[in-house]
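Note sheet for the following structure.
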Amino acid sequence: MSATVGFIGLGNIGGRVVAHLVKAGHDVAVFDLNAAAVEAAVDAGARAASSAGDAASGARAVFLSLPNPAIVSSVVGEILPHTAGDTVIVDHSTIDPDTSRALAAAAGEAGASFLDAPVSGGVQGAEAGTLAVMVGGDQAALERVRPLLETYAGSVVRVGDSGSGQVVKLANNLITAINIAALGEALTTTVRQGVDLDIAVSVLTKSSANSNVLSSYFPRTLFTAERPTGFALDFMHKDLSLFLSSAASGPVPLPLSNTVRDLFTIGRQLGRGGKDFTSVVEFYEDFADVRLQTKENTK
């Protein structure tokens, strides 16, 4: 069954998700401050809204894919007066759990529902329609929008109450960042000591050190000459900071989290904020005077 939905935020993930919703036959009203992104969505079959509130008017569900907590809060404040009692706001942004809980409470007071539903899978997953969605919030609200989510997600899991989706997403990004830093440190040292990178990667991907980062993401980013940006270093730095802030009041020591965030801070200071987040590894390359580029990517 087709539905009228709003979508606000047409970045690397949002624009690709809209294409799946349109292809599934849904009426999608889109809004973004980037006129080119709106034009691309309209070319894909969406319709342009004049504002975030306009995108939400008459929508059964309103999707958000925005950069940070402040922008998400501002947009939710703008769209709530335009929602109906059965409207579900689905936030695919990565923000802090406390902000998500506050927004869920505000939505409830306005008669709507709010789900924190950050995604994992990056540009490739959004393109393929295989994103993993981790959802915090009301089960009944999730079931109302599940058919919409399944047009572009390979996995949709409710992980707990409001804020829980963000807790899991920030943990996911922390683990990924630590893995990238560990691989950068180890691979740069390995190459510096004379081992061929292709051989080392071939062995490690068949060993206990293997990971999705090493076997799938690095070959498309770090190991290439171009090093295209799928997820900016600035955004990972933001997510690591959100993790540390949300965990600061707890009893758990966070030595790895703080160290890896420091590495991303260095990357930003060296002008790499807009590059892919795997460029944090260039910190090690600079010291070793090597470049982690496989032979396959030099052809």
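Computed from the coordinates by the stated procedures, all read-outs in this text should not be read as laboratory data. All of these numbers come straight from a predicted model, not from anything done at the bench. Counting neighbours? That spans all protein chains shown, and the Cβs are built from the backbone with ideal geometry, glycine included.
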Inset, instruction - Compute the long axis of helix 97-109 from its Cα atoms, compare it with the longest principal axis of the Cα atoms of the chain, and write down the angle in degrees, 0 to 90, nearest 10. - result: 10 degrees
Inset, instruction - Show the residues, 5+ positions off or on another chain, whose built amide H is closer than 5 Å to the amide H of residue 61. - result: 6, 88
Legend entry - Burial order of peptide ranges 190-202, 11-23 (average beta-carbon count within 10 Å, highest first): 11-23, 190-202
Legend entry - Rounded to 10°, Cα long-axis angle of helix 233-247 versus longest principal axis of the chain: 70 degrees
Inset, instruction - Give me the percent of Cα-Cα pairs in the chain that sit more than 29 Å apart, rounded to a whole number. - result: 38 percent
Legend entry - Positive-pole candidate from 225, 201, 277, dipole of the range 167-298, charges at beta carbon: 277
Legend entry - Compactness index (Cα Rg / 2.2 N^0.38 Å), the range 153-217: 1.48
Inset, instruction - State the antiparallel share, in %, of DSSP beta bridges confined to the chain, rounding to the nearest 5. - result: 15 percent
Inset, instruction - For every helix of n ≥ 4 consecutive DSSP H residues, a contribution of -39,500 (n - 2.57) applies; sum these over the chain, divide by its total residues, and give [θ] at 222 nm rounded to the nearest 500 deg cm²/dmol. - result: -14500 deg cm²/dmol
Legend entry - Qualifying lysines (Cα of each under 23 Å from Cα of residue 169; at least 8 residues distant if same chain): 238, 275
Legend entry - Length-normalised contact order of the range 167-298 in % [C-alpha pairs under 8 Å, at least 6 apart]: 39 percent
Inset, instruction - State, to one decimal in nm, how far the label point of residue 248 lies from the label point of residue 296, with both points 7 Å from Cα in the Cβ direction. - result: 4.3 nm
Legend entry - Label-point separation, residue 270 to residue 51 (7 Å along Cα→Cβ), nm: 4.5 nm
Inset, instruction - Before anything else, pin down the relative contact order of the chain: Cα pairs under 8 Å, at least 6 apart, normalised by residue count, whole percent. - result: 14 percent
Legend entry - Assigned charges on the beta-carbon of Lys, Arg, Asp, Glu; the chain dipole about Cα centre (debye): 480 debye
